[in-house]
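The block underneath contains the structure these notes are about, expressed in structure tokens.
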Amino acid sequence: MDLRAYLQTALDAAYLAKGIHQYYQEKGFTQSTKSTPTDLVTQADHESEAAIRELIASRHPDHVVLGEEQGQDKEGAFRWIVDPLDGTVNYAHGFPFYAVSIGLEAHGEVVLGVVLDTARGELFTATKGGGAYLNGRPIRVSTRSTLVGSLLATGFPYDVNKDTENLTYFQRALTKGLMVRRPGAAALDLAYVAAGRLDGFWEVKLNPWDVAAGWLIVSEAGGRVTGLQGEEYRLGNRYLVASNGLIHQPLLDTIHGR
């Protein structure tokens, strides 16, 4: 398995998507909705994913792509897991917190992750066993050991009126006096945990394309990623808790009201 070649593919695909994001930010774009009036999708989402798929197919024709906009139409040992524009609502409003997220799963194991912040130009990367990097420099999770004083992030489903579960967890954190942000792009939230900018992050009802790359980046930066009960995280688990490891159990306890 040539991880260097695959990483180059991921980088080229991410920068291709970044160019599309920037083009439509300058030109203007059409947008529509999916599951709810706040679940937006734009031309940039669709065209970014199409461009990523085309590039991957040209270099690795036997590989599979799972993307947010077009799904997955076949099976294969190598699967690229792509969110062409994570943080679409932010993008649509000109709020500069959105990214392209690309992970590669080989024989059921995520071995490569790239998250490119297209507004800031920050590139987060990781390969299995190779460490995590921001713009080519190694990164590590924070060393904060107490939950009080930690900076946390979370996110919410598009229809919180029907899906109130995380409102309960959020309230528990706030009533403990914890500092919680809701930036709106899970891939970048995870990258920020890896870089030590956030000490912890949790979210419910996530999809594989939201977390595949970021999960590996956090793990390679020395962090811990689990399910909501503290179990080992598996791709496809829609509940995720990530931290620097030191505050992980206290964060789980807070979520569960303990």
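At-a-glance table
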item: Residue within region 185-204 that is in a helix (DSSP H, G or I), acidic (D, E) and either in contact with a helix residue (DSSP H, G or I) (Cβ under 9 Å, 6 or more places away or on another chain) or farther than 21 Å from V111 by Cβ (or both) present; result: yes
item: Some residue of region 52-61 being of a type in the set (S, T, Y), surrounded by fewer than 20 Cβ atoms within 10 Å (Cβ to Cβ) and either within 18 Å of the chain's Cα centre (by Cα) or over 14 Å from D210 (Cβ atoms) (or both); result: yes
item: Sole exception among (1) surrounded by 24 or more Cβ atoms within 10 Å (Cβ to Cβ); (2) hydroxyl-bearing (S, T, Y); (3) modelled with pLDDT under 95 for S101, by number; result: (3)
item: Close pairs (8 angstrom Cβ cut-off, 6 or more residues apart or separate chains): in contact (Cβ under 8 Å) with a residue 40 or more places away in the chain in region 121-149, open to solvent by 90 Å² or more (accessible area, probe 1.4 Å) and in a strand (DSSP E or B) anywhere; result: G131/P138; A132/P138
item: Evaluation of N207 against (1) touching a Phe, Trp or Tyr at 6+ places or on another chain (Cβ under 7 Å); (2) surrounded by fewer than 24 Cβ atoms within 10 Å (Cβ to Cβ) (one fails), failing number; result: (1)
item: Odd one out for W215, checked against (1) free of Cβ contacts under 8 Å to residues at least 12 places away in the same chain; (2) touching a strand residue (DSSP E or B) at 6+ places or on another chain (Cβ under 6 Å); (3) closer than 30 Å to D45 by Cβ; result: (1)
item: Filtered residue count, region 210-222, keeping only those that are over 24 Å from D253 (Cα atoms) and surrounded by fewer than 24 Cβ atoms within 10 Å (Cβ to Cβ); result: 1
item: Selected residue [in contact with a strand residue (DSSP E or B) (Cβ under 9 Å, 6 or more places away or on another chain) and more than 24 Å from A119 (Cβ to Cβ)] from T226, T168, T154, T143; result: T226
item: Residue within region 19-29 that is surrounded by fewer than 20 Cβ atoms within 10 Å (Cβ to Cβ), modelled with pLDDT of 95 or more and in a helix (DSSP H, G or I) present; result: yes
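The values are calculated or read from the model by the stated rules, or taken from the named source; none is laboratory data. Since this is a predicted model, take the numbers as computed values, not measurements. Cβ atoms come from the backbone with ideal geometry, glycine included; neighbour counts cover every protein chain shown. Please note that ligands, DNA and RNA were not included when accessible areas were found on the heavy atoms of the full protein model with its side chains. Shrake-Rupley method; radii C 1.70, N 1.55, O 1.52, S 1.80 Å.
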